Amino acid sequence: MTLSRSDEIDLLTVLHDGVHEEPRWATFLGRMLRRTRADHVSLIVAQGDTPIHRAAQWFAGRDVRSQADRLDHLAGLDPTPYHRLRPGRVYAATEMMDPQDAGHSRFQRDYLERIGIRFGRFMRITERGGGSAWLSVTRTADDFSAADSALLSSLAPHLSIALRTLAELDRARFRAAVADDALRRAGVGWTALDREARPLDRGGSAPPGERPLGQLPAALPMAVQGAGDPPLDLLAVPVPERPLAASTMPTVVALTRVAPMLGEGAADALVRLFALSAGEARLAVRLAEGESLADAATALGLTIETARNYSKRLYAKTATRGQADLVRLVLTSVASLA
């Protein structure tokens with residue numbers, strides 16, 4: 001069955017736009033609920049080896065999952081091999097049930113019917129990256145028609161495209177979040193500037209709300225003293241990749257660097273990395289932050305003699321040749337990112 005013109009207008013546009021909604025696909029699922037006269041419509045997206053009844057779900061209609069959560073101990077009786085279902089094929093809710101199997105009968109009676117699923121259709125969708133999702137429609141009364149099943153089947157290729165879009169966006173968000181966290185921990189920030197040196201976007205530890213440059217440098221890359229009080233040194237570099245669609249194109253990226261704050265996380269990491277005592281690690285952190293041995297001893301409540309003994313043990317355990325070498329080691333180790 002091909003989609004009717006009204007279905008194309010009513011369902012396809014919101015299906016492809018649904019990946020950008022919050023909650024996702026809310027409009028599409030609501031329209032599917034009305035179109036199929038269902039009590040419940042859901043789209044479940046696989047998350048690794050998470051059981052399907054615990055995976056990410058968006059729905060319209062009755063909140064079946066909140067009811068199902070109270071019967072979680074019965075979910076394991078579900079005989080459906082969800083990850084092995086043929087993509088694009090529409091299945092009936094009880095198609096995998098063997099009436100002669102006591103476990104199957106119990107699952108249908110004590111789980112499905114108690115959460116209001118007496119009739120249903122569901123379909124697995126896959127995307128080229130290996131992801132899977134399942135679209136389902138359910139009712140308490142009256143079975144679905146062949147036309148309802150045909151509608152689900154017709155949506156399969158479009159759902160596959162939407163699932164691939166979601167997967168790519170999620171991978172990009174994940175990479176961006178990890179990169180931004182790493183930059184922030186390292187004290188590195190970036191600000192994208194337009195041709196008038198106006199900030200367009202920023203990330204990492206870039207200071208918010210400031211215009212880092214009065215004007216763009218004549219050549220790139222170039223280290224310059226930025227605006228602000230106190231002024232922040234920055235490195236202006238070319239844009240590594242221009243976005244394909246942007247109302248204003250970035251011209252330059254301004255990189256900044258601030259000393260990361262070392263705290264208990266850094267001290268704990270040093271303890272694990274070099275088998276230091278807690279006191280030795282805290283002294284190493286103080287020295288790495290630029291304090292003298294005497295000032296660090298005072299801040300930690302140590303005598304200068306105890307601090308000297310700690311420092312000697314620090315040099316031995318870390319195989320460093322003195323305070324300057326110890327500071328270099330701390331600031332270049334992963335402890336500075338903790």
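The values are calculated or read from the model by the stated rules, or taken from the named source; none is laboratory data. Quick caveat, the model's predicted, so the values are computed rather than measured. Positions of Cβ are backbone-derived with ideal geometry, glycine not excepted, and every protein chain shown enters the neighbour counts.
Regarding Glu241, is this residue among the charged types (D, E, K, R) and in the same structural domain as Ala324 (by TED's automatic domain parsing)? Answer is no for this residue. For segment 91-120, taking the residues that are touching a helix residue (DSSP H, G or I) at 6+ places or on another chain (Cβ under 7 Å) and of a type in the set (Ser, Thr, Tyr), the one that is modelled with the highest pLDDT is identified as Tyr111. Screening segment 1-81 for helices (runs of 4 or more DSSP H) wholly inside it with 1 or more residues that are at pLDDT below 90 and closer than 27 Å to Asp142 by Cα returns the ranges 64-68. Would you point out the residue of segment 44-73, among those that are without any contact (Cβ under 8 Å) to a residue 12 or more places away in the chain and within 21 Å of the chain's Cα centre (by Cα), that is surrounded by the most Cβ atoms within 10 Å (Cβ to Cβ)? Looking at residues that are without any contact (Cβ under 8 Å) to a residue 12 or more places away in the chain and within 21 Å of the chain's Cα centre (by Cα), I get Ala55. Could you say whether any residue in segment 289-301 is in contact (Cβ under 8 Å) with a residue 24 or more places away in the chain and assigned to a helix (DSSP H, G or I)? Looking for residues that are in contact (Cβ under 8 Å) with a residue 24 or more places away in the chain and assigned to a helix (DSSP H, G or I), one finds at least one in segment 289-301, hence yes.
Between Ala197, Ala223, Ala179, Ala206, which is in contact with a Leu (Cβ under 6 Å, 6 or more places away or on another chain) and within 30 Å of Ala338 (Cα to Cα)? Result of the check over Ala197, Ala223, Ala179, Ala206: Ala223.
Considering only segment 33-43, I want to know if a residue exists there that is β-branched (Val, Ile, Thr) and out of contact with any Asp or Glu (no Cβ under 7 Å at 6 or more places or on another chain). Yes: segment 33-43 contains one or more residues that are β-branched (Val, Ile, Thr) and out of contact with any Asp or Glu (no Cβ under 7 Å at 6 or more places or on another chain). None of Ala206, Ala219 is surrounded by 14 or more Cβ atoms within 10 Å (Cβ to Cβ) and in a loop (DSSP other than H, G, I, E, B) except Ala206. Does Tyr91 satisfy being surrounded by 13 or more Cβ atoms within 10 Å (Cβ to Cβ), more than 26 Å from the chain's Cα centre (by Cα) and more than 27 Å from Ala150 (Cβ to Cβ)? The answer is no for Tyr91. When segment 238-264 is limited to residues that are of a type in the set (Val, Ile, Thr) and over 13 Å from Pro212 (Cβ atoms), the one that is surrounded by the most Cβ atoms within 10 Å (Cβ to Cβ) turns out to be Thr251.
For segment 1-47, the set of residues classified as more than 19 Å from Phe119 (Cβ to Cβ) and of a type in the set (Ser, Thr, Tyr) consists of Thr2, Ser4, Ser6, Thr13, Thr27, listed by residue number. Pairs meeting the criteria (first residue in segment 170-191 and crowded, with 16+ Cβ neighbours inside 10 Å, second residue basic (Lys, Arg), beta carbons under 7 Å, at least 6 apart or on different chains) are Gly187/Arg257; Val188/Arg257; Gly189/Arg202; Trp190/Arg202; Thr191/Arg202.
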